[in-house]
Structures are given as C-alpha cells and as structure tokens.
Amino acid sequence: MKKKDFDVIIVGAGPAGIAAAYKLASAGVKVIVIERGAFPGAKNVMGGIFYRKALADLIPDFEKTAPLERHIIEQKMWLLSEDSVLGGGLRSEKFNKEPYNCYSVFRAKFDKWFAQKAIEAGALIINETVVKEPIVENGKVIGIKTDRPDGDLYADVVIAADGINSLLTKALGLRESITPEKVALTVKEVIGLPEKVVNDRFGVINKHEGVTIELTGPFFEGMTTMGFIYTNKTSVSIGLGAIVEDLVHHKANINDMLEKLKAHPAVKPLIHGGETKEYMAHMIPEGGYFAITKLYTDGFMVCGDAAMLVNAVHREGSNLAIESGKLAADTYLKAKKKGDFSAKSLSAYQKKMKNSFVMKDLKMYRHLPKMMEDKRQLLTKYPQFAIDAAYDIYNIDGVAKIDKIKAIKKRVAKLGYIRMAKDAFDMWRKIR
Amino acid sequence: MRIEDKLYLIGYKVDEDGSHLEVNKKDVCKKCKNKACTFVCPVDVYKYDEKEEKLSINYDACVECGTCKIVCEYIEWRYPRGGFGVAYKFG
C-alpha cells in the first residue's frame, strides 16, 4: 500500500504556506506544516506593508484579531540626493475608511497569529524542523525528509512555501540558481519612539493612522536601491534593499548604507532620539516575471517567495504569497476529487495563477528589472536634475526666472533630449 | 550604530554543535580577489585575515539571509538545525 501520513505536507509557515494550510484544513483536508523556526514568523522579515485584500477573501474579519500596526493613509515617494529631497505622494481620506488598503505589520507577530488561525481550522504545525529534501519515487514527489529522527513524511502532495532560499525547488530542478542581479538584500531597523512622537512627526492624530515613505535617487550612488520608512504604533521601521550584484560591484555593505540613510538630513529628524529595537536582514526576489520558477511538478506545487513571486515596484509580496497559497490549495481540492495528483492535474495551478492578478501584474512589469539595470540614469541623473531644477526655482536669489529656466534648459540639453525621449518611450512601451 | 551593537538586539539560539556555513574548497579564499562575502554579509559573519590568509566564519551571527551563497559558489550554506539560529521579535 502507498505510504501516506497526510493528504498534504506544506513546507514553511509564512503567508503562502499558512494560507494554503488554512484553506485546506477548512475544507477538511489532513494537512501538516513544517516550519524550521522556533515559531511561525521567527525567521520572517518584510519592510512591513501588508495589503489586506488577499487575506480578507480568506478570513473576512481578520482585522478583529490580527496583530496590525497602523493602516496607511498616506504614501510618499522621495527622491534623495546628498542634501535634498524632492517628494510626492498621496494622502487620502479614502485610505482612512474601512476596509483599509494596507497596514504596517511585524511579521514575527503576524505570521504567528496567522498560523494560530490555521491551527484552529484544523492544520497541524510542527516547528523547529528542517526539511532536508523531497522524497521522489518514479519521478513523483511523495514526501519529505526532515532533520528529526524517523522524520520522513508522506503525502499526496507537497507544497513548497519555503521562501527565497527554497531548497525544495532547487532539489527538484524547478528553479535555476539565483543570480545576484535577481535578488535584493534588504535590511531594516525597528526604532522605538513614543506613540505621540510618531504621530507628530508623520502628521497623523492617532496610533491607528500611518504613513509610508519610499526612497530612491542619486543618494544611493547608482545602485538599484529602494529605501523605506514605515510608521508602526510605537516605532518606525527604516530600511533599504539593494540588488546584490550592485553591492558586489560597488563593494558596498548594506548596513553602512543604512547608517548613511539614517544620517540623511531629511531622514534623521524622523528617527531622532529613537532607540533601535531590532536589526534584521532578508533577501527579496526582484527578478520579476522572468525569474518565476516552474510552479508545479508531479505531486508538488510552489508558492510565495519560493516561486519568486514579488512585485518590487508596488512592494507587494505577502499578498502574492497568500494568493498563490490559496490557488495551490484550490488546485489540490480539485485534484483530490479526481484522485489525480500528477503534473498534468496540478498544472491547473499554473492556469489559475495566470488568470490571477499575481501573474498579470508581474507580467506587466516583466521588462522593468532589466531596464533598471540598463538605464542607471533613471535613478541617478534624472532625479538629480529634477532636484537641482526644483532648488533653482525655489531659491530666490535675484536671478530672473527667465534666466533660471534658460540654465535649466541647458542642463536638459546636456542630459540629451533624444536620450531622455527614448528612455521615456521605452518605459511607456515596456510597462503596459 | 556599529553592527556589533546591532547584533546584541537580535535573538539567537546558537547551535554549539557546529557551523551551518563553510567554504567547501581548500585555499580558494586565498585566490579570491573580491572576497565579496566579507563586505556583502549584512551581519559581518565573514572576516579575512590577510596575515594568516584565512577566512573566519562567525556563524553565531548569521541571520540566514542566504546572500553569501549567491556571491560565492564555494560557500556551503545550510539551514541551521531545526529551532536554532535567528528568532526575530518583530521581523
């Protein structure tokens, strides 16, 4: 008789794995989640913005019990140079009404809560256990080997939600080796500040309203880098991520870069007097659409970061993870009815993903990672020009405006009209 | 803030039985020009002693991001044993 301990084994208790576990357990499926950390969330990091929609479809009233920090009512974009900031953004009362668009969260707390929900739905979660490799028989994944004594487990289907460093997808040949241009190394500090100080500095009136700032520009010296500052109830999260290839090329250390960012004259006042509570690092898959792994094989599906599902432009990842976990669970439920867990049967997961916002969004931005690599001027020269031009216009120094405009036009000519027009055209052509 | 001071803020359960990180080829670091591991790692796990011509790996501090194995093909990177390694409070 075929060995089987569970219907489904899920590897990794992050948003992807727990979403799948929640959905499967709710449908009465016998499911186990294997987590290597001391608890779900122990190893998990993100900048901190969680979009509600994907989870609300699964748990409509999750806001009642989930550990959320602030809902975001204002999102800002800052272009940084050494001594200046040119900014834009959107603050809207529409973001201040339920259902909120997104929240700042701490993943160590959030994932623990989400896992508890899956347990309540009937899933079994085993912590402190590392999955060493898949067990494959006649080309079909039938289980996993763990680092526990007698730790082999068997199931109809294994779902890999084991994150950016996914051993399972690598072992099964579903992903190529990750190369340095496809990932960003991101670090973050949580800096404790009194609630009122956070409110005052970011212009909100209570601990439930929050603000986000995304930062890029020539300050990061030509490296493809995104910084962020997010408000929590009694702390501010500040961090930045840079493409690993750029770090190697520039011989740059990401913590040094974070310290430099913290000292920027526009950033320093926001965190001044705060006490760092934690420092953390994590890799983010930023290769986009072309970096996505193969999503299934016989008896096996891949979700979340393990499948490289991150939309870096919109800082979306955890919601894509949840969506993929749900769709993998849906696929299993259909396959179970047929009693067929072959690659052909599980290919329905690929189709569901293709029709979801996850793949549609990633496909739309498919050329962006390469473009950012090729067109360094988008993050350096052009923002620097815009910052300098804005300074000239704002600075009243006795020079006639008409002469200032002339000088700015000269600088545009120096950047190259044709090159700028071509860059604008390329962006328009490639992102749609 | 120095990285040494930040490490005090991170919760770890250190596996005293040994490192989950190693370089799998002898003397390869001596010939390595860039030594990317020594500056890319966000917690300074890797240090190269020029005099001794030796790479030291302070695996206790590792936060398991995996960046080192992407910049160096000779780094043998494993997850720490179940339950060991970093455990974030916030994350």
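Key figures for this structure:
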read-out: Overall Cα dimensions of chain B, principal axis frame, Å, largest first; value: 40, 31, 22
read-out: Inter-part distance where region A:297-333 and region B:1-74 are each reduced to a Cα centre, Å; value: 31 Å
read-out: Gyration tensor (Cα) of region A:21-68, equivalent ellipsoid semi-axes in angstrom; value: 20, 19, 9
read-out: 13 Å Cα-Cα reach of A:K97 towards aspartates and glutamates, excluding residues that sit fewer than 8 places from it in its own chain; value: A:E74, A:E209
read-out: Most mobile of A:P67, A:P265, A:P369 in a GNM of chain A (Cα contacts under 10 Å); value: A:P265
read-out: Max mean-square fluctuation residue, GNM over chain B, Cα-Cα springs under 10 Å, options B:K69, B:K31, B:K47; value: B:K31
read-out: Calculated on alpha-carbon atoms, Rg and Dmax of region A:369-430 in Å; value: 13.9, 44
read-out: Vicinal HN-Hα couplings computed from phi for region A:303-309 (Karplus, 6.51 cos²θ - 1.76 cosθ + 1.60; Hz; Gly/Pro x); value: 10, x, 4, 4, 8, 6, 8
read-out: Long-range amide H partners of A:N232 with built H, under 5 Å; value: A:S237
read-out: Mean separation of Cα contacts under 8 Å, 6 or more apart, over the residue count of region A:183-285: relative contact order %; value: 44 percent
read-out: Distance in nm between pseudo-label sites at A:W428 and A:Y154 (7 Å out along the Cβ direction from Cα); value: 6.2 nm
read-out: For region A:1-129: relative contact order, % (alpha-carbon pairs under 8 angstrom, 6 or more apart); value: 38 percent
read-out: Cα-derived Rg over Rh, computed across chain A with Rh taken as Kirkwood radius; value: 1.01
read-out: Cross-link partners of B:K13 among aspartates and glutamates (Cα-Cα below 15 Å; sequence separation of 8 or more within a chain); value: A:E128, B:D60, B:E64
read-out: MRE, 222 nm, helices only [DSSP H, n ≥ 4, -39500 (n - 2.57), over chain A, to nearest 500]; value: -11000 deg cm²/dmol
read-out: Gap separating the Cα centres of region A:215-242 and region A:356-432, nearest whole Å; value: 20 Å
read-out: In order through region A:243-249: 3J(HN,Hα) via Karplus (6.51 cos²θ - 1.76 cosθ + 1.60), integer Hz, x for Gly, Pro; value: 4, 4, 4, 5, 4, 5, 4
read-out: Cα centroid separation - region A:144-192 against region A:31-83, whole Å; value: 20 Å
read-out: Helix-only CD estimate at 222 nm, as mean residue ellipticity for chain B, using -39500 (n - 2.57) per DSSP H run (n ≥ 4); value: -3500 deg cm²/dmol
read-out: Qualifying aspartates and glutamates (Cα of each under 15 Å from Cα of A:K117; at least 8 residues distant if same chain); value: A:D57, A:D61, A:E63
read-out: Largest to smallest principal axis extent of the C-alpha atoms in region A:51-204, angstrom; value: 60, 41, 27
read-out: Cross-link pairs A:K196/A:K233; A:K182/A:K430; A:K4/A:K334; A:K94/A:K326 - those with Cα-Cα distance over 21 Å; value: A:K94/A:K326
read-out: Residue of B:C29, B:C65, B:C41 that the Gaussian network model of chain B assigns the largest fluctuation, springs spanning Cα pairs under 10 Å; value: B:C65
read-out: Percent of alpha-carbon pairs separated by more than 28 Å within region A:153-306; value: 37 percent
read-out: Chain A - percent relative contact order, Cα under 8 Å, separation 6 or more; value: 20 percent
read-out: ³J(HN,Hα) computed for each position of region A:337-349 - Karplus, 6.51 cos²θ - 1.76 cosθ + 1.60, integer Hz, glycine/proline x; value: 4, 7, x, 10, 10, 6, 4, 4, 5, 6, 5, 4, 4
read-out: Stokes-Einstein translational diffusion, region A:30-103 - Kirkwood Rh over all Cα pairs, 1.567 mPa s, 4 °C, in µm²/s; value: 83 µm²/s
read-out: Peptide-level mean, for A:279-287, of C-beta atoms on other protein chains within 10 Å; value: 6
read-out: Cut-off under 5 Å, modelled amide H: who pairs with A:E181 long-range; value: A:E245
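No lab work stands behind these numbers, since they all come straight from the coordinates. This structure is a prediction, so every number in the text was calculated from the model and none was measured. All Cβ positions, glycine included, derive from the backbone under ideal geometry; neighbour counts span all protein chains shown.
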